[in-house]
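Remarks on the structure that follows.
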Amino acid sequence: MRVQLQSTGQPPVPKSTTLIVLAAFERGEDGDLRPAFEEQQMPSEHSAIQRAKLMSRAYAGVIAWKRPARPDEGEFGEPEALWQHGDVPDMD
């Protein structure tokens, strides 16, 4: 048996997702905070928090955060810190 899907004539609705990110910061010679590496997207909140905790001993600051997003539409919600330690710049 074959099922035929009917089109509504509307474009598909973009999927909403949650971005989970890990970032670390170090202090430059001038004392200013700067990213230690490019932010890393993580597969889960748990893995982001665990990795951030491990990295907290090696950097001036570490943060694991998440935000709702619809990347296809360029829409990103407010970031929410999952775990942070040390000096971390304000999230804008």
Only one of Pro68, Pro89 is more than 14 Å from Ala23 (Cα to Cα) and either surrounded by fewer than 17 Cβ atoms within 10 Å (Cβ to Cβ) or acidic (Asp, Glu) (or both); which? Pro68
Test result for Ala24, modelled with pLDDT of 95 or more, surrounded by 11 or more Cβ atoms within 10 Å (Cβ to Cβ) and in contact with a helix residue (DSSP H, G or I) (Cβ under 8 Å, 6 or more places away or on another chain): yes
Across segment 45-65, which residue is farthest from Thr18 (Cα to Cα) among those that are among the hydrophobic types (A, V, I, L, M, F, W, C) and assigned to a strand (DSSP E or B)? Val62
Those residues of segment 76-86 which are surrounded by 13 or more Cβ atoms within 10 Å (Cβ to Cβ) and closer than 15 Å to Thr18 by Cβ, in sequence order: Gly77, Pro79, Leu82
Given the condition modelled with pLDDT under 95, among the charged types (D, E, K, R) and part of a loop (DSSP other than H, G, I, E, B), answer yes or no: does some residue in segment 7-15 qualify? yes
Consider Met91 against the criteria (1) out of contact with any Pro (no Cβ under 7 Å at 6 or more places or on another chain); (2) free of Cβ contacts under 8 Å to residues at least 40 places away in the same chain: it satisfies all of them except one. Which criterion is unmet? (1)
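The values are calculated or read from the model by the stated rules, or taken from the named source; none is laboratory data. Computed from a predicted structure; not experimentally measured. FYI the Cβ positions are ideal-geometry reconstructions off the backbone, even for glycines, and counts take in every protein chain you see.
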